[in-house]
Amino acid sequence: MKSSIHKDHTLIIDELEKSIKFHNLDLILCYLPNGSYLVGGYIRDIILGRKTEKVDVDIVVPLNAIEIGKKIAYKIRSKFIILDEKREVVRIILNDIYIDIANQVSSTIEGDLYSRDFSINSIAFLFDKKCLVDPLNGLKDLEISLLRTHSENNLLNDPLRILRCFRFVSELNFKVDLNLITFIKKNKGKLYLVAKERINSEIQRIVNGANALNAVLLIKKLNIFATDNLSEDSFFLDLEKINYEELNQEEKEKFLPSFFITQILDVISLEKLKFSKSEIVKTKLLRKWHFLLEKKNIAKLTESDRFELHKELEIFLPTFIFHLPQNLRLNWLRRWRNSDDKLFHPSNLLSGDAIKKNLKIKDGPILGELLRYLSKELAFKRLNNFDEAIYKAKRWIEQNAPKCD
């Protein structure tokens, strides 16, 4: 990242103008009054040479943001949304690009920039004068990968910005200024003043960043979510001692985000923050098997327990892999990657319909138990084909079906 950062103002402006033209943003420039400027993450990412899938543009105009936004949306035939009528904040959607337009609040551009969250987001580009305004030395902080705020009040105005610090660690691999760390320790409790859905969304971005581990380690160190027994509950692992290279790249992208969530939030926190039912159920299952294996050596599990483990964890087993003894992990991953392994991917040679047709059995608990039995027999290689499955099913029914007097 550092090798591609743009430091020269002329080069930055050149890259900004190229990007504006590439995204067809030049279509709106003629409708913006003098004194309008571009600000925020769009400029930051251009300076970092960072390409993102989603493009968000923040523009500040001297006055009349709603009127200007309506006119632009009409002229370029784009969707128009009023986000905040009182403060005059609007959104135009152009080819999946979100363009937010707001009124300048302070009497000067510098005044507005002083009120933004971090110095790296407080760089402005004036459209009419084609110059950069950087009163908080955001360019320098981008160069040294430092996250710093001008005023603690800027963060308290929206406490979600506390959590956003960790997103920038995750996405940009930035260091957090020590004064900012002190502030976070003191004010982390205010995070719960924020809508739960916003916190949830920010966590998702944190755990999916390229440097998510660094952010999660810092979150755990500061216990941002005040998780009970974070250092005592054995389910919360020492993340610095884990060899993540045991997972391939696809597995890292798919399963590490969920693993990291389980390592910073307990079940109660997941419920409070409105995580999905599937995420909560997954965490409960991971905890169930972690504590069961803590009490019982995995080699001493009964066939039924071992089968149940794989049936319950099959879809997301790599999320659980770091809870296993080190000497088992690679073998379990190799077997899980083999979709034909019937223990790690429980399946059946017979469907419920085939059993009902061939054995004249009806829907109900008995059918479910029979299917589970046949799947377990297949998992432990005691079944090879359809005929054997039918034979074993008949025998099982004879021994287990309720008898009529």
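The values are calculated or read from the model by the stated rules, or taken from the named source; none is laboratory data. Quantities reported herein were computed from a predicted structural model and do not represent experimental measurements. Heads up, the Cβs are rebuilt from the backbone with ideal geometry, glycines too, and the neighbour counts pull from every protein chain shown.
Determine, yes or no, whether S201 is among the small types (G, A, S) and modelled with pLDDT of 95 or more. First the steps, then the outcome.
On the way: among the small types (G, A, S): yes; modelled with pLDDT of 95 or more: yes.
It is true that S201 is among the small types (G, A, S) and modelled with pLDDT of 95 or more.
Applying the selection to region 99-120, what residues are surrounded by fewer than 23 Cβ atoms within 10 Å (Cβ to Cβ), touching a helix residue (DSSP H, G or I) at 6+ places or on another chain (Cβ under 6 Å) and not in a loop (DSSP other than H, G, I, E, B)?
A102, N103, listed by residue number.
Given the residues S234, S304, S276, which is the only one that is exposed (fewer than 15 other Cβ atoms within 10 Å of the Cβ), of a type outside the set (D, E, K, R) and at pLDDT below 95?
Values: S304 fails: at pLDDT below 95; S276 fails: at pLDDT below 95.
Unique residue meeting the criteria: S234.
Give the residues of region 366-398 that are within 41 Å of the chain's Cα centre (by Cα) and of a type in the set (K, R), sorted by residue number.
R372, K376, K381
Enumerate the helices (runs of 4 or more DSSP H) found wholly within region 4-87, keeping only those where 2 or more residues are in contact (Cβ under 8 Å) with a residue 40 or more places away in the chain, of a type in the set (V, I, T) and closer than 30 Å to S107 by Cβ.
9-22, 41-48
For V90, are the conditions met, namely being within 19 Å of R164 (Cα to Cα), in contact with a Leu (Cβ under 8 Å, 6 or more places away or on another chain) and assigned to a strand (DSSP E or B)? Quick ask: steps written out before the conclusion?
Details: within 19 Å of R164 (Cα to Cα): no; in contact with a Leu (Cβ under 8 Å, 6 or more places away or on another chain): yes; assigned to a strand (DSSP E or B): yes.
No.
Restricting the search to region 98-136, which residues are of a type in the set (K, R) and more than 12 Å from V39 (Cα to Cα)? It would help to see each step written out before you state the result.
Within region 98-136, the first condition is being of a type in the set (K, R), and the residues that meet it are 116, 129-130.
Within region 98-136, K129, K130 meet the criteria.
Do you know which of the residues in region 157-193 that are surrounded by fewer than 20 Cβ atoms within 10 Å (Cβ to Cβ) and among the hydroxyl-bearing types (S, T, Y) is nearest to L273 (Cα to Cα)?
The selected residue is Y192.
Every residue, every condition in (1) more than 23 Å from N173 (Cβ to Cβ); (2) touching a Ser or Thr at 6+ places or on another chain (Cβ under 8 Å), yes or no:
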residue: I13; (1), (2): yes, no
residue: Y37; (1), (2): yes, no
residue: G40; (1), (2): no, no
residue: I47; (1), (2): no, no
residue: V60; (1), (2): yes, yes
residue: K70; (1), (2): yes, no
residue: R77; (1), (2): yes, no
residue: V89; (1), (2): yes, no
residue: I93; (1), (2): yes, yes
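Anything in region 193-231 that is more than 19 Å from the chain's Cα centre (by Cα) and assigned to a helix (DSSP H, G or I)? List them, or say none.
L193, K221, L222 - these are the residues of region 193-231 that are more than 19 Å from the chain's Cα centre (by Cα) and assigned to a helix (DSSP H, G or I).
In the set S269, S258, which member is hydroxyl-bearing (S, T, Y) and either within 14 Å of F225 (Cβ to Cβ) or assigned by TED's automatic domain parsing to the domain that holds Y373 (or both)?
On the way: S258 fails: either within 14 Å of F225 (Cβ to Cβ) or assigned by TED's automatic domain parsing to the domain that holds Y373 (or both).
Criteria check complete, one pass: S269.
Taking the residues in region 145-156 that are among the hydroxyl-bearing types (S, T, Y) and surrounded by fewer than 18 Cβ atoms within 10 Å (Cβ to Cβ) as candidates, determine which candidate is modelled with the highest pLDDT.
Filtering region 145-156 for residues among the hydroxyl-bearing types (S, T, Y) gives 145, 149, 151.
With the extra rule that they be surrounded by fewer than 18 Cβ atoms within 10 Å (Cβ to Cβ), the set shrinks to 145, 151.
On the way: S145: 97, S151: 92.
Only one residue fits best here, namely S145.
Taking region 18-31 on its own, how many of its residues are more than 30 Å from the chain's Cα centre (by Cα) and crowded, with 20+ Cβ neighbours inside 10 Å? Explain how you work it out, then say what you get.
The initial filter retains those residues of region 18-31 that are more than 30 Å from the chain's Cα centre (by Cα), namely 18, 21, 26-31.
Those still in the list that are crowded, with 20+ Cβ neighbours inside 10 Å too: 28.
The total comes to 1.
Somewhere in region 194-203, is a residue out of contact with any Leu (no Cβ under 6 Å at 6 or more places or on another chain) and crowded, with 19+ Cβ neighbours inside 10 Å? Steps first, answer last, please.
So in region 194-203, the residues out of contact with any Leu (no Cβ under 6 Å at 6 or more places or on another chain) come out as 195, 197, 201, 203.
Narrowing further to those that are crowded, with 19+ Cβ neighbours inside 10 Å: 203.
Checked against the condition, which is being out of contact with any Leu (no Cβ under 6 Å at 6 or more places or on another chain) and crowded, with 19+ Cβ neighbours inside 10 Å, region 194-203 yields at least one hit.
Just wondering, is there one or more residues in region 329-347 that are touching a Lys or Arg at 6+ places or on another chain (Cβ under 9 Å), on the phi < 0 side of the Ramachandran plot and in contact (Cβ under 8 Å) with a residue 40 or more places away in the chain?
No.
Run W289 past the list (1) crowded, with 17+ Cβ neighbours inside 10 Å; (2) among the aromatic types (F, W, Y); (3) in a helix (DSSP H, G or I); (4) not assigned by TED's automatic domain parsing to the domain that holds F259 and report the number of the one that doesn't hold.
(4)
Residue-by-condition table, conditions (1) surrounded by 15 or more Cβ atoms within 10 Å (Cβ to Cβ); (2) in contact with a His (Cβ under 9 Å, 6 or more places away or on another chain); (3) of a type in the set (V, I, T); (4) under 28 Å from N137 (Cβ atoms):
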site: G40; (1), (2), (3), (4): yes, no, no, yes
site: I43; (1), (2), (3), (4): yes, no, yes, yes
site: R50; (1), (2), (3), (4): no, no, no, yes
site: K54; (1), (2), (3), (4): no, no, no, yes
site: I59; (1), (2), (3), (4): yes, no, yes, yes
site: A73; (1), (2), (3), (4): yes, no, no, no
site: K79; (1), (2), (3), (4): no, no, no, no
site: R91; (1), (2), (3), (4): yes, no, no, no
site: I97; (1), (2), (3), (4): yes, yes, yes, no
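So the check is Cβ under 6 Å with 6+ separation or different chains; which pairs have a first residue in region 163-185 that's farther than 15 Å from S119 by Cα and a second one that's modelled with pLDDT of 95 or more and part of a loop (DSSP other than H, G, I, E, B)?
Matching pairs, first to second residue: S170/G209; S170/N211; E171/G209; N173/N211.
Tally time: how many residues in region 326-381 are more than 15 Å from N400 (Cβ to Cβ) and part of a helix (DSSP H, G or I)? It would help to see each step written out before you state the result.
Taking region 326-381 first, the residues more than 15 Å from N400 (Cβ to Cβ) are 326-354, 356-358, 360, 363, 375, 378-381.
Cutting the leftovers down to part of a helix (DSSP H, G or I) gives us 326-337, 352-354, 356-358, 375, 378-379.
Final tally of qualifying residues: 21.
Assess whether N331 counts as being modelled with pLDDT under 95, more than 19 Å from L371 (Cα to Cα), loosely packed, with under 12 Cβ neighbours inside 10 Å and not hydroxyl-bearing (S, T, Y). If you could, list the steps in order and put the result at the bottom.
Values: modelled with pLDDT under 95: no; more than 19 Å from L371 (Cα to Cα): yes; loosely packed, with under 12 Cβ neighbours inside 10 Å: yes; not hydroxyl-bearing (S, T, Y): yes.
Spelling it out, it is not the case that N331 is modelled with pLDDT under 95, more than 19 Å from L371 (Cα to Cα), loosely packed, with under 12 Cβ neighbours inside 10 Å and not hydroxyl-bearing (S, T, Y).
Can you confirm whether region 288-300 contains a residue that is within 13 Å of S258 (Cβ to Cβ) and touching a residue at least 24 places away in the same chain (Cβ under 8 Å)? Spell out the reasoning first.
Going residue by residue through region 288-300, those that are within 13 Å of S258 (Cβ to Cβ) are none.
Within region 288-300, not a single residue is within 13 Å of S258 (Cβ to Cβ) and touching a residue at least 24 places away in the same chain (Cβ under 8 Å).
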